[in-house]
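Everything on this sheet refers to the single structure shown next.
The values are calculated or read from the model by the stated rules, or taken from the named source; none is laboratory data. Because the structure is a prediction, the values reported are computed rather than measured. Cβ: placed from backbone, ideal geometry, glycine included. Neighbour counts: every protein chain shown. We work out accessible area using only protein heavy atoms, side chains counted, and drop any ligands, DNA or RNA first. Shrake-Rupley method; radii C 1.70, N 1.55, O 1.52, S 1.80 Å.
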Amino acid sequence: MQVSQAAMFDPRTYDGIRKSAVEAVTLPPYCYSSPEFYRAEVDHMFMKVWNFVGRADRIPKAGNFFTLDYVGVPVIVVRGRDGAVRAFANTCRHRGARIVDGEMLDTVGWTGGLKCPYHGWVYGLGGELKGCPGMEQTVGFDRNQYGLVPVRLETWGGFLFVNFDEGATPLSDHLGDLPEQYAAYDCENLRVTRIKVHEVECNWKIHIENAMEEYHLPSVHGKTLNLLHFEHFDVQAVGAWMAIRERHEGTRALLEEDRQHAFPVIPGIHGHAAEGTNYVCINPSTMLGMTIDCVWYIELHPLGPTRTRVVVGSCFPKATVERPDFAERAQYYYKRWDKSIAEDNEIARIQQRGMVSPLARCGRLSSHEYLIPKLGTWWIDHTVGR
């Protein structure tokens, strides 16, 4: 589907998205493949909003750190000697080399100081420049002005978010009433016990749209997940999030044949959280699966217009992780997530292959896809609207 640059970045082009699902059309196919549209998403959305990057409990001790590249920005996340978690650009202030080469998406490092491999500049855990051998005769050089470039980092419930815009409003504004609505999960006391990383040949929006609708369940997950005996509801949200709420018996994090291996429910869980599962999307690209005994997340890293890194984290209450049978029983939870994520990754790949056809056109939505136009509207407002 060909479109002019003027039409691509004209908000009126997307008027058909701004309706209820049974009246709306889908985003145009080029939104899932155009390099120009993707560049606008990076510049005007991902570089301006709060982006989820995992859990603080991954790095529990001073000197623990991990690295990632988010929409092309290399970042180090490190716990300081004061216990605070901070993020910095993974770029030496001397001549720009990466201080830690590569990404650490499912591993954690430890260091007493961050040392550039090129010329040996050393930075403290708070980002300050501690050592710069050979700079003694450089005129007017003040090492206090050459610490690592900080990246804004804030947390909610142990979840980490970074923002590359110094002028952005606080994370609390982005999340709105989400912390209050999901306080019963006691997210601060969750522990991430496994991270699995996938690379999928699909646009990032395809993957998060799939996570936030139930229309695909019978055809994509019909042989995997138990689809019977649940009610589902839309959720009224204040902030940059939306959710599907299910009411059902038991946990949603086990296959039907493995339900006898369920862990106890999250201590103190109550209200709607105790009645089933909440599938929460934190815009622009994060899904939290929150059920009665655990939480899992899908963290999406856009790698280009047609490629996405999918990071899946498994989180359980601290009391559950400390059980002597945790390692054995957790395998049944990992089995469920591995099966369903593999199915989602494959259908995302198949959808992407159809979406890049020059004959692809806008489609229509069913009543089961009621969050899709809400997602599209938010993305367009933060990409084209800016």
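Whole Å is fine, so just give me how far the alpha carbon centre of the range 338-380 lies from that of the range 81-97.
Rounded to whole Å, the Cα centres lie 37 Å apart.
Under a crude label model (7 Å from the Cα following the beta-carbon direction), how far is ASP142 from GLU23 in nanometres?
Result for the modelled spin labels: 5.9 nm.
Within the range 319-386, report the GluC sites (Glu not before Pro) that DSSP leaves as loop and that have at most 14 other Cβ atoms within 10 Å.
Answer by residue number: GLU322.
Name the GluC sites (Glu not before Pro) in the range 159-265 that are in a loop by DSSP and that have at most 16 other C-beta atoms within 10 Å, would you? Spell out each step's value before the answer.
Details: sites: GLU166, GLU180, GLU188, GLU199, GLU201, GLU209, GLU213, GLU214, GLU231, GLU246, GLU249, GLU256, GLU257; in loops: GLU166, GLU201, GLU213, GLU214, GLU249.
The qualifying sites are GLU166, GLU201, GLU249.
What accessible area per residue comes out for the range 181-263, rounded to a whole number of Å², with a 1.4 Å probe?
On a per-residue basis, the range 181-263 sits at 46 Å².
Rounded to the nearest 500, what is the 222 nm mean residue ellipticity of the chain from helices alone, with -39500 (n - 2.57) per DSSP H run of 4+ residues and division by all residues?
Helices in the chain give a 222 nm mean residue ellipticity of -5500 deg cm²/dmol.
Going from most exposed to least, what order do ARG329, ARG309, ARG259, ARG55 have by accessible area with a 1.4 Å probe? Write down the numbers at each step before the final one.
Values: ARG329 45, ARG309 20, ARG259 75, ARG55 0 Å².
The ranking, largest first, comes out as ARG259, ARG329, ARG309, ARG55.
Could you tell me the relative contact order of the range 250-305? Use alpha-carbon pairs under 8 Å, at least six residues apart, and round to a whole percent.
It rounds to 31 percent for the range 250-305.
Averaging sequence separations of C-alpha pairs under 8 Å and six or more residues apart, then dividing by the length of the chain, give the relative contact order as a whole percent.
Working: 743 pairs, mean separation 88.9, N = 386.
In percent, rounded to a whole number, it is 23.
Label-point separation (nm) for MET135 and ASP15, each offset 7 Å from Cα along Cα-to-Cβ?
Output for this residue pair reads 5.7 nm.
Modelled label-to-label distance, ALA274 and GLU199, 7 Å Cα→beta-carbon offset: nm?
Reported label-point gap for ALA274 and GLU199 is 4.6 nm.
Pop the C-beta distance of HIS94 and THR224 into the FRET formula with R0 = 45 Å and round what comes out to the nearest 0.05.
Step by step, r from the Cβ atoms, then E = 0.30.
Label the chain by shape, choosing from rounded, prolate and oblate, from the square roots a ≥ b ≥ c of the eigenvalues of the Cα gyration tensor; if a/c is under 1.5 it is rounded, and otherwise prolate applies when a/b is larger than b/c, oblate when it is not.
Oblate shape, in that a/c is at least 1.5 and b/c is the bigger or equal ratio.
What part of the accessible area of the range 1-143, given as a whole %, is carbon or sulfur when the probe is 1.4 angstrom?
Carbon and sulfur atoms account for 52 percent of the accessible area of the range 1-143.
Using a Förster distance of 41 Å, how high is the FRET efficiency between GLU128 and TYR334, based on the Cβ-Cβ distance and rounded to 0.05?
0.55
Quick check: Cα centre of the range 209-284 to Cα centre of the range 25-71, how many Å?
About 24 Å separates the Cα centre of the range 209-284 from the one of the range 25-71.
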